[in-house]
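The values are calculated or read from the model by the stated rules, or taken from the named source; none is laboratory data. Model, not experiment: these values are computed from the prediction. Note that we place each Cβ from the backbone using ideal geometry, even for glycine, and neighbour counts take in every protein chain shown. In case anyone asks, the SASA skips ligands and DNA or RNA and just uses the protein heavy atoms, side chains included. Shrake-Rupley method; radii C 1.70, N 1.55, O 1.52, S 1.80 Å.
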Amino acid sequence: MKWLVNICRIVVALTFIFSGYVKAIDPLGTQYKIEDYLEALSLAQYVPSIFTLGTSVLLSAIEFCLGIFLLFAIHRRSASKISLVFMVVMTLVTLWLWIANPVSDCGCFGDAIHLTNGQTLLKNIVLLACTAVIAWRPLMMMRFISQSNQWIVVNYTVLFILASSIWSLWTLPLFDFRPYHVGANIQKGMEIPEGAEQPEFETTFIMEKDGKRQEFTLEEYPDSTWTFIDQKNVLIKEGYVPPIHDFSIQTIEGEDLTEEILSRKGYTFLLISPHLENADDSNFGEIDQIYEYALEHNYPFICLTASNETGIQHWRNITGAEYPFYLTDETTLKTVIRSNPGLLLLKDGTIIRKWSHNQLPDFYKATIRQATPNKGNGVQESIPLEKSTLGQMPRDSVPSKLLAIFLWFALPLFVLTLADRLFAWTKWIRRKQQNSSLYKHLKPKRKMRKKIVAGNWKMNMNLQDGIALAKELNETLKADKPNCGVVICTPFIHLASIAQFLDQDIIGLGAENCADKEKGAFTGEVSAEMVKSTGAQYVILGHSERREYYNETPEILKEKVLLAQKNDLKVIFCIGESLAEREAGKQNEVVKAELEGSVFNLSEEDFRKIVIAYEPIWAIGTGKTATAEQAEEIHAYIRSIIAEKYGQAVADDTTILYGGSCKASNAPELFAKPDIDGGLIGGASLKCADFKGIIDAWKK
């Protein structure tokens with residue numbers, strides 16, 4: 001199953017990436033296809049072009065990003081579900097295309113690959129099945145990059161694909177898959193090779209006799225008593241269709257100039273504008289300058305448009321255009337260049353240059369006018385195209401463009417992935433070493449167990465007051481470094497805000513609880529994963545108030561501990577007896593049962609991550625405090641039962657905190673005991689000075 005999920009994930013990811021990218025770098029082409037769909041549904045007149053263009057950019061970006069997210073296994077659950085919904089919608093659309101055939105090509109791969117509607121439907125059914133498998137078992141997708149670094153991939157991918165679309169709109173598509181690409185000879189693209197298969201049509205005649213109409217084939221053509229009404233030509237067999245089959249140039253009067261213009265030797269400028277009424281006129285000065293240059297060197301300069309005489313006159317009025325205007329099919333012009341207007345330079349009928357109206361070159365200043373003094377008067381002359389770099393085929397090749405994409409997008413992600421995986425691998429090696437018996441035998445003598453003072457704010461302070469207290473603690477302890485570990489455990493609403501400014505090298509951040517469920521319909525609960533996502537490092541579990549008021553059982557706490565450790569949270573696990581149990585002399589039985597019920601199921605490695613907090617319930621919030629001797633006695637007992645379960649080394653390494661009305665006044669005496677490693681502080685942690693006084697007990 002894991003192999004199947006990951007194979008499906010790679011297939012879908014690569015398809016989405018390719019499909020999304022080729023559409024993203026040709027947003028106008030995708031827009032035209034969306035408008036074709038709307039035309040088929042008779043909705044084109046109701047949808048503004050700005051909306052279809054925005055949909056084009058957004059749809060391409062979503063598809064590309066989904067592909068990258070699946071490839072890197074980022075947000076596995078949500079990405080797989082969105083991909084499944086996306087493919088359900090696309091499959092239904094292509095089913096409609098296959099049945100109704102409103103357009104011949106769905107445009108799923110832009111102009112890069114053309115599929116019939118049947119081929120597209122088959123492709124989408126395969127992808128739908130693959131996305132269903134992925135959505136069924138999303139967590140089986142192997143991550144290529146750790147969760148902590150996924151935000152880099154997400155943001156970089158979104159920025160890259162949107163920038164690609166915006167750049168292609170401003171200039172021209174980076175890759176031109178259309179038959180009118182640079183280097184294409186238009187006349188040759190219109191030729192049909194000798195011996196190529198010709199299309200076959202069946203002609204049907206509609207005849208009428210005595211008020212009755214009937215259809216006849218050519219072989220069945222009736223006698224003269226039937227009256228001819230109409231005829232239909234139906235394509236029954238497709239033949240060879242040349243790449244360019246719809247290009248023509250006509251005068252307004254209807255004279256065909258296609259052959260004359262395309263067969264001309266030398267250079268020809270073609271200004272392309274499907275609709276002059278909608279053309280961008282902000283650069284007409286540059287167009288006029290190029291026209292003047294063409295006149296100077298006797299290069300034809302013509303404008304091809306699908307506009308009528310009114311539109312042509314409108315353009316002449318606002319730009320002062322003096323060049324001739326000829327007519328060409330609107331769809332053809334949109335295919336020739338993705339710019340309105342755009343400029344083509346032909347040489348012997350071959351396209352050697354294409355420019356968007358935003359990229360028109362300054363023929364005189366940039367390249368053409370160079371120091372060529374006239375004899376006698378020193379006036380500079382413009383160089384003809386034959387001697388200019390603009391008159392030659394551009395040097396940017398497909399391999400160089402692919403290299404640019406690799407350097408700008410693929411290489412940074414590859415380097416990030418490599419660094420991330422190397423770091424994860426070294427962490428894995430270190431864990432293996434530390435768990436090996438040889439390492440344990442040879443490792444240096446252990447350090448003293450960690451001393452901690454942890455504050456438990458409980459249900460106190462609003463967000464603003466909590467932030468103020470945390471900031472005050474942060475600044476105070478930065479100025480006067482503590483001799484112990486310091487942790488503040490706050491209500492859930494404080495965590496994300498405080499994590500943004502808290503220096504967790506000085507003060508660790510923790511939650512007061514987490515849910516015993518991983519996720520789902522559990523209104524009001526907060527999962528361990530959510531706690532971790534705020535930036536918290538710790539979580540308090542098993543507090544006596546949770547046990548008493550919310551009936552948390554050992555089994556519930558066991559699940560909470562497992563989920564907390566699964567999400568790399570350090571657990572402060574609370575145990576302790578009530579006053580009645582203390583008076584009955586059952587304190588040892590109680591704390592042992594609480595450990596056995598919730599944490600003694602852990603492996604040695606996982607138990608080493610637990611911090612124990614002994615809290616005599618009868619001393620919490622009552623003002624009563626166990627004597628230092630009483631506290632030391634129970635702490636020593638707790639350490640002894642840990643030694644029975646996991647061995648003396650683990651017991652010696654386990655931090656055990658005291659939590660029961662600990663104050664600055666009694667903290668030094670308590671902390672001086674050998675088995676007390678700090679405190680879990682309640683009310684005294686709500687004021688910076690009081691909490692600092694307890695922390696400073698480790699300096700005495």
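A few notes on this one:
- Reciprocal mean inverse distance between Cα atoms of the range 1-138 - Kirkwood radius, Å: 15.3
- The stretch between Leu295 and Phe423, if pulled fully straight at 0.36 nm per residue, gains 39.6 nm over its current Cα-Cα span.
- Over 20 Å apart at the Cα level, from the set Lys481/Lys699; Lys532/Lys609; Lys558/Lys645; Lys458/Lys673; Lys450/Lys517, are Lys458/Lys673; Lys450/Lys517.
- Debye, to nearest 20: dipole size of the range 521-678, +1 on Lys, Arg Cβ, -1 on Asp, Glu Cβ: 320
- Using 0.36 nm per residue and subtracting the Cα-Cα separation, the extra length available between Glu219 and Asp465 on full extension is 79.1 nm.
- At most 14 other Cβ within 10 Å, DSSP loop - GluC sites (Glu not before Pro), the range 280-357: Glu322
- The chain: angle of helix 117-136 to the longest principal axis, Cα-based, in degrees nearest 10: 0
- Treating r as the C-beta distance of Arg449 and Phe522 and R0 as 51 Å, the FRET efficiency rounds to 0.90.
- Where only C-alpha atoms are counted, convex hull volume of the chain per residue in Å³: 292
- Within the range 12-45, backbone nitrogen closer than 19 Å to the virtual label 7 Å beyond the Cα of His314 toward Cβ: 45
- Set of aspartates and glutamates near Lys354 by C-alpha distance (under 12 Å), chain-local residues within fewer than 8 positions excluded: Asp176
- Taking the longest Cα principal axis of the chain as reference, the axis of helix 554-566 is set at about 50 degrees.
- Total formal charge among the other residues, if their Cβ is under 12 angstrom from that of Tyr323, Lys/Arg +1 and Asp/Glu -1: -2
- Reduced Cα scattering model of the range 289-330, Debye log10 I(q)/I(0), q = 0.32 Å⁻¹: -1.10
- Label-point separation in nm, Ala496 to Glu39, each point 7 Å along Cα→Cβ: 4.7
- Residue order by solvent-accessible surface for Tyr32, Tyr46 is Tyr46, Tyr32, largest first, with ligands and nucleic acids left out and a 1.4 Å probe.
- The base-10 log of I(q)/I(0) for the range 128-192, evaluated at q = 0.12, 0.15, 0.19, 0.27 Å⁻¹, reads -0.66, -0.79, -0.89, -1.08 [Debye formula, identical scatterers on Cα atoms, solvent excluded].
- Between 0 and 90°, nearest 10: helix 150-170 axis offset from the chain longest Cα axis: 20
- Virtual spin-label span in nm between Lys609 and His114, 7 Å along Cα→Cβ: 5.8
- Percent of alpha-carbon pairs separated by more than 20 Å within the range 6-68: 35
- Extended-chain gain in nm, criterion 0.36 nm per residue less alpha-carbon gap, Tyr46 and Glu629: 201.5 nm
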